[in-house]
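Engineer: The structure that follows is given in the form of structure tokens.
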Amino acid sequence: MATAPKEAENAIGLEEIHMEREEPPKGQKTFTVEEAVETIGFGRFHIMLFLIMGSTGVAEAMEIMLIAVVSPLIRCEWQLQDWQVALVTTMVFFGYMVFSIVLGLLADRYGRWKILLLSFLWAAYFSLLTSFAPSYIWFVFLRAMVGGGVSGHAQGLIIKTEFLPTKYRGYMLPLSQVFWLAGSLLIIGLASVVNPTIGWRWLIRIASIPGILLILVFKFIPESARYNISTGNVAAATATLQRIAKMNGAVMPEGTLREPTKERRGRFKDLMHPKYLRTTLQIWIIWFGIAFAYYSVILASAELLEKDIVCGSVSPPVQDPGDDSEESRSPCHCHLFGPAAYQTMIISTVGEIALNPLNILGINFLGRRLSLCITMGCTALFFLLLNICTSSTGMIGFLFMLRALVSANFNTIYIYTAEVYPTTMRALGMGTSGSLCRVGAMVAPFISEVLMKASFLGALCVSASVCVVCAISAFTLPIETKGRALQVCT
């Protein structure tokens, strides 16, 4: 009797192999996950999916943007030099870069949902530990661990994408910016209240709450049906699709779930194939430059506000009349943000969605290459405009436009990268591009927080030059993907 289950298991395994290698019997209807997703359509499940998985962007933005609002306080508490403050941000993205590769491999092996849950637990745990950091070294190490955990949040975007019908996917990236914006505004708003009252350690603890709350609602989102079918778990994939159909009030396609024979997965050398070599190298340059520009804007904003740089000069620190704390009296390292600085950060952050409608029009009418070339060129221009002698209102306007432009750059290159590579190497192309993105983010602090102190114009020229190189790379990309069907294989 004990052999019966084993025989049944072997039979199932043989049946799966048979399904992959041979055509189904004549007259037997079958459907793929893609066909099921398209038939079920968009409904209540997808709204819940969008809200829960989209909210991972809120938690990610709060953890990433935290350093910008905490850096003046840790500089004051531990009497840090410029390079030490810059190193904190660099180590966060170093952890992000390393763990994104590891967690990506684990997600392909053990599932998106499990890795997403693990990453949130990891990030929340080390974020809370950071609030108790006894020294600068511990703070840097723990924030690097937080960066590693946050890198797994990308699995939420993958789950969301793999469940969405085709015609809705093109809208997800611009809409997802709303969640990132909400997280950025939330951490700035909290910092303006918490930092001057109970301190940065409590700010970190409060910032961990959204991530912890999201862990509690992950149970309402199933594992990706595409992942389950790729591992041969047809029963789980079918059950998930049936649940979605029930929630949406739709019906499943007739027949049984079956996937065609899988193509050979891409390898790194596929990116270096003569057909894609030039495209790959130029895409890497653009991803590096966009991330560098994005975090240069954020960190440069913090430096401008911290030092009150107007017309290229440094004005003496202005303290609130009622602020008589020990930190505010220290002349060496302490110059904390005031209400006006937080207000400026909020206004400039809102700029991230200001150009979304124009960005979408440009992508669809001008094409990906020309649209990206224009926004990158404008980004370079506005970096240089920061050096113009202007009022505080003028500087806020420049920062607002810079945030809008760098956000538009991210939207465009993400769409282009997903479209230009075939299915067999799309994930690999996105993954390697993401790694170059983190390298750009790691370099940015040393330009915006170190070089800017030595030469304000020099730092702006470096940032503008990188954007010009990216604009040229975008314009000369060998493939335009506007109106082009997604390629299946090389």
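Engineer: Residue by residue through segment 215-255, note down the ones that are in a helix (DSSP H, G or I), out of contact with any Ser or Thr (no Cβ under 6 Å at 6 or more places or on another chain) and open to solvent by less than 20 Å² (accessible area, probe 1.4 Å).
Structural biologist: Applying the first criterion (in a helix (DSSP H, G or I)) to segment 215-255 yields 215-220, 225-230, 234-248.
Keeping just the survivors that are out of contact with any Ser or Thr (no Cβ under 6 Å at 6 or more places or on another chain) gives 215-220, 226-230, 234-248.
Across segment 215-255, the qualifying residues are Phe218, Asn228, Ile229, Ala237, Thr240, Leu241, Ile244, Ala245.
Engineer: Any residue in segment 88-104 that is in the same structural domain as Ile74 (by the TED database) sitting within a Cβ distance under 9 Å of a residue that is not in a helix (DSSP H, G or I)? List the pairs, counting only those 6 or more apart or interchain.
Structural biologist: Taking only residues 6 or more apart or on different chains, the pairs are Val88/Leu80.
Engineer: With respect to the numbered conditions (1) assigned to a helix (DSSP H, G or I); (2) modelled with pLDDT of 90 or more, which one is the sole condition not fulfilled by Gly152?
Structural biologist: In the conditions (1) assigned to a helix (DSSP H, G or I); (2) modelled with pLDDT of 90 or more, Gly152 misses (2) alone.
Engineer: Follow-up question, since we're still on this one. For Tyr276, all conditions in the list (1) closer than 26 Å to Ser119 by Cα; (2) aromatic (Phe, Trp, Tyr); (3) outside the structural domain of Ser55 (by the TED database) hold save one; what is the number of the exception?
Structural biologist: Unmet for Tyr276, out of (1) closer than 26 Å to Ser119 by Cα; (2) aromatic (Phe, Trp, Tyr); (3) outside the structural domain of Ser55 (by the TED database): (1).
Engineer: Tell me, yes or no, whether segment 147-162 has at least one residue that is more than 19 Å from Arg112 (Cα to Cα) and not charged (D, E, K, R).
Structural biologist: Taking segment 147-162 first, the residues more than 19 Å from Arg112 (Cα to Cα) are none.
No; the residues of segment 147-162 include none that is more than 19 Å from Arg112 (Cα to Cα) and not charged (D, E, K, R).
Engineer: Anything in segment 76-105 that is buried (at least 16 other Cβ atoms within 10 Å of the Cβ) and within 13 Å of Ala154 (Cα to Cα)? List them, or say none.
Structural biologist: Listed by number, the residues that qualify are Tyr96, Met97, Phe99, Ser100, Leu103, Gly104.
Engineer: Scan (1) surrounded by 15 or more Cβ atoms within 10 Å (Cβ to Cβ); (2) modelled with pLDDT under 75 for the single condition Pro331 breaks and write down its number.
Structural biologist: Pro331 satisfies all of (1) surrounded by 15 or more Cβ atoms within 10 Å (Cβ to Cβ); (2) modelled with pLDDT under 75 except (1).
Engineer: In the list Val146, Val140, Val70, which residue meets the criterion of being out of contact with any Pro (no Cβ under 9 Å at 6 or more places or on another chain) and open to solvent by 10 Å² or more (accessible area, probe 1.4 Å)? If you could, list the steps in order and put the result at the bottom.
Structural biologist: Numbers: Val146 fails: open to solvent by 10 Å² or more (accessible area, probe 1.4 Å); Val70 fails: open to solvent by 10 Å² or more (accessible area, probe 1.4 Å).
Testing whether each residue is out of contact with any Pro (no Cβ under 9 Å at 6 or more places or on another chain) and open to solvent by 10 Å² or more (accessible area, probe 1.4 Å) leaves just Val140.
Engineer: Also: When you look at Lys275, is it at pLDDT 75 or above and of a type in the set (Lys, Arg), yes or no? Write out each step before concluding.
Structural biologist: Values: at pLDDT 75 or above: yes; of a type in the set (Lys, Arg): yes.
When the stated conditions are applied, Lys275 passes them.
Engineer: Would you confirm whether or not segment 204-212 contains a residue that is open to solvent by 40 Å² or more (accessible area, probe 1.4 Å), of a type in the set (S, T, N, Q) and touching a residue at least 40 places away in the same chain (Cβ under 8 Å)?
Structural biologist: Of segment 204-212, the ones open to solvent by 40 Å² or more (accessible area, probe 1.4 Å) are 205-206, 209, 212.
Restricting the remaining residues to those that are of a type in the set (S, T, N, Q) gives none.
No, the conditions are met nowhere in segment 204-212.
Engineer: Kindly check whether there is at least one residue in segment 388-408 that is free of Cβ contacts under 8 Å to residues at least 40 places away in the same chain, open to solvent by 40 Å² or more (accessible area, probe 1.4 Å) and either not assigned by the TED database to the domain that holds Ala471 or not in a helix (DSSP H, G or I) (or both).
Structural biologist: Taking every residue of segment 388-408 in turn, at least one turns out to be free of Cβ contacts under 8 Å to residues at least 40 places away in the same chain, open to solvent by 40 Å² or more (accessible area, probe 1.4 Å) and either not assigned by the TED database to the domain that holds Ala471 or not in a helix (DSSP H, G or I) (or both).
Engineer: In this structure, is Gly43 within 17 Å of the chain's Cα centre (by Cα) and surrounded by fewer than 23 Cβ atoms within 10 Å (Cβ to Cβ)?
Structural biologist: no
The values are calculated or read from the model by the stated rules, or taken from the named source; none is laboratory data. Fair warning: this is a prediction, and the values are worked out from it, not measured in the lab. Neighbour counts run over all protein chains shown; Cβ positions are idealised from the backbone, glycine included. What goes into the accessible areas is simple: the full protein's heavy atoms, side chains included, and nothing from ligands, DNA or RNA. Shrake-Rupley method; radii C 1.70, N 1.55, O 1.52, S 1.80 Å.
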